[in-house]
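A.B. asks: This structure is in structure tokens; I'll ask about it shortly.
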């Protein structure tokens with residue numbers, strides 16, 4: 001399942017943060033590691049600075065809502081540009097109070113990505129320099145990508161069921 | 001063979017009294033005729049309907065035939081606001097400000113399903129029709145409408161411009177309508 005490069009990354013991670021690793025798996029040829037949320041920043045910094053991993057580029061960061069588990073996941077995708085390898089890290093937060101530490105101290109580019117994740121999922125990134133909505137209107141009161149909020153605009157009156165034969 | 005000169009048609013003159021060396025009609029009709037054939041549109045194009053508009057302005061369809069070849073990219077000089085494309089809720093205040101900056105008399109043409117009703121984008125982030133924030137004179141349906149349809153919409157606007165009373169913009173009904181949108 002894991003190729004030698006993956007084994008190497010996992011070994012480097014386990015060497016220092018054995019207690020943080022919850023799950024290692026491979027999805028669609030993509031090494032995915034689920035971690036505890038408390039030391040996530042430290043772990044990412046370690047993967048960035050360690051000679052054997054060199055994940056020095058943050059490709060993306062986003063939220064994922066799992067309503068059946070009552071959890072909101074935050075996914076970090078890192079890129080090692082020396083040997084073109086990628087890794088995906090996941091942490092799970094309770095959906096009632098999704099709070100995660102900010103990654104802006106390690107990757108400045110995380111700033112807008114965390115704002116986006118806050119905007120759509122309501123994840124609060126502690127220590128973020130400017131955590132406010134980025135894409136949606138400022139007056140919005142909901143976090144629209146959470147499953148409990150319907151996708152459709154709720155102010156339309158012309159979409160009555162009878163018009164659609166329902 | 002028919003003479004070439006006979007194929008040139010001249011615009012109809014408004015009803016009036018004609019005699020040797022003079023023609024009398026009401027000022028309103030003259031102003032309406034002048035305005036109708038020199039509408040300066042402001043294209044507010046945000047997506048695919050804007051592409052259709054480019055075709056409308058091109059040589060094949062050529063909106064210049066209707067006196068509207070001079071686009072105004074300053075709202076202060078424009079007569080007609082052509083909204084073509086999806087308007088996100090975040091864009092709403094911008095569109096409204098553009099409308100407020102236009103001088104009276106002003107007209108609004110809503111081109112395409114998105115501008116008219118939100119179209120297929122029935123979602124939290126998209127304005128469900130621009131008539132929620134600004135008054136609209138003519139709606140052009142289609143997703144996107146063909147250039148012929150856009151021209152038809154412009155001709156409908158021309159009709160409104162031509163027949164509009166010079167005092168309409170001072171009327172209490174018009175002011176009440178603007179007030180409904182929170183524009184004074």
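The values are calculated or read from the model by the stated rules, or taken from the named source; none is laboratory data. Computed from a prediction, not measured in an experiment: that's the story for all the values here. Here Cβ is always computed from backbone atoms with ideal geometry, including for glycine, and neighbour counts include all displayed protein chains.
A.B. asks: Is it the case, given these coordinates, that residue B:58 is under 14 Å from the mean Cα position of the chain (by Cα) and surrounded by fewer than 18 Cβ atoms within 10 Å (Cβ to Cβ)?
C.D. replies: No, not satisfied.
A.B. asks: Moving on. Going residue by residue through segment A:84-104, is there one that turns out to be within 26 Å of residue A:118 (Cβ to Cβ), at pLDDT below 95 and more than 16 Å from the chain's Cα centre (by Cα)?
C.D. replies: There is at least one residue in segment A:84-104 that is within 26 Å of residue A:118 (Cβ to Cβ), at pLDDT below 95 and more than 16 Å from the chain's Cα centre (by Cα).
A.B. asks: Show the residue pairs that are 6+ apart or on different chains and have beta-carbon atoms under 7 Å apart, the first residue being within segment B:16-29 and over 26 Å from residue B:169 (Cβ atoms), the second being surrounded by 11 or more Cβ atoms within 10 Å (Cβ to Cβ).
C.D. replies: Within 7 Å, the pairs are B:23/B:16.
A.B. asks: Does at least one position in segment B:130-137 carry a residue that is within 13 Å of chain A (Cβ to nearest Cβ), more than 14 Å from the chain's Cα centre (by Cα), surrounded by fewer than 17 Cβ atoms within 10 Å (Cβ to Cβ) and in a loop (DSSP other than H, G, I, E, B)?
C.D. replies: no
A.B. asks: Among residues belonging to segment A:120-155 that are touching a residue at least 40 places away in the same chain (Cβ under 8 Å) and touching a helix residue (DSSP H, G or I) at 6+ places or on another chain (Cβ under 9 Å), point out the one that is nearest to residue B:120 (Cα to Cα).
C.D. replies: So, considering only residues that are touching a residue at least 40 places away in the same chain (Cβ under 8 Å) and touching a helix residue (DSSP H, G or I) at 6+ places or on another chain (Cβ under 9 Å), the one nearest to residue B:120 (Cα to Cα) is A:145.
A.B. asks: Determine whether residue B:98 is modelled with pLDDT of 95 or more, away from chain A (no Cβ under 13 Å) and more than 14 Å from the chain's Cα centre (by Cα).
C.D. replies: On the way: modelled with pLDDT of 95 or more: yes; away from chain A (no Cβ under 13 Å): yes; more than 14 Å from the chain's Cα centre (by Cα): yes.
The answer is yes for residue B:98.
A.B. asks: In segment B:58-107, how many residues are closer than 30 Å to residue B:123 by Cα and not in a loop (DSSP other than H, G, I, E, B)?
C.D. replies: Final tally of qualifying residues: 18.
A.B. asks: If you don't mind, there's one more thing I want to ask. Answer yes or no: is there a residue in segment A:78-94 that is exposed (fewer than 12 other Cβ atoms within 10 Å of the Cβ) and touching a helix residue (DSSP H, G or I) at 6+ places or on another chain (Cβ under 9 Å).
C.D. replies: yes
A.B. asks: Still on this structure, please answer the following. Out of all the residues in segment A:146-166, which are in contact with a strand residue (DSSP E or B) (Cβ under 9 Å, 6 or more places away or on another chain) and within 8 Å of chain B (Cβ to nearest Cβ)?
C.D. replies: Of everything in segment A:146-166, just one residue is in contact with a strand residue (DSSP E or B) (Cβ under 9 Å, 6 or more places away or on another chain) and within 8 Å of chain B (Cβ to nearest Cβ), namely A:153.
A.B. asks: Somewhere in segment A:48-63, is a residue in contact with a strand residue (DSSP E or B) (Cβ under 6 Å, 6 or more places away or on another chain), surrounded by 17 or more Cβ atoms within 10 Å (Cβ to Cβ) and more than 21 Å from residue A:10 (Cα to Cα)?
C.D. replies: So far as segment A:48-63 goes, yes, one or more of its residues are in contact with a strand residue (DSSP E or B) (Cβ under 6 Å, 6 or more places away or on another chain), surrounded by 17 or more Cβ atoms within 10 Å (Cβ to Cβ) and more than 21 Å from residue A:10 (Cα to Cα).
A.B. asks: Suppose we keep only residues that are out of contact with any helix residue (DSSP H, G or I) (no Cβ under 7 Å at 6 or more places or on another chain) and not in a helix (DSSP H, G or I) within segment B:147-177. Which one would you say is surrounded by the fewest Cβ atoms within 10 Å (Cβ to Cβ)?
C.D. replies: The selected residue is B:167.
A.B. asks: Could you look through segment B:105-117, keep only residues that are within 14 Å of chain A (Cβ to nearest Cβ) and touching a residue at least 24 places away in the same chain (Cβ under 8 Å), and pick out the one that is surrounded by the most Cβ atoms within 10 Å (Cβ to Cβ)?
C.D. replies: Checking each candidate, the answer is B:114.
A.B. asks: Consider residue B:14 against the criteria (1) over 30 Å from residue B:95 (Cα atoms); (2) crowded, with 16+ Cβ neighbours inside 10 Å: it satisfies all of them except one. Which criterion is unmet?
C.D. replies: Of (1) over 30 Å from residue B:95 (Cα atoms); (2) crowded, with 16+ Cβ neighbours inside 10 Å, only one is false for residue B:14: (2).
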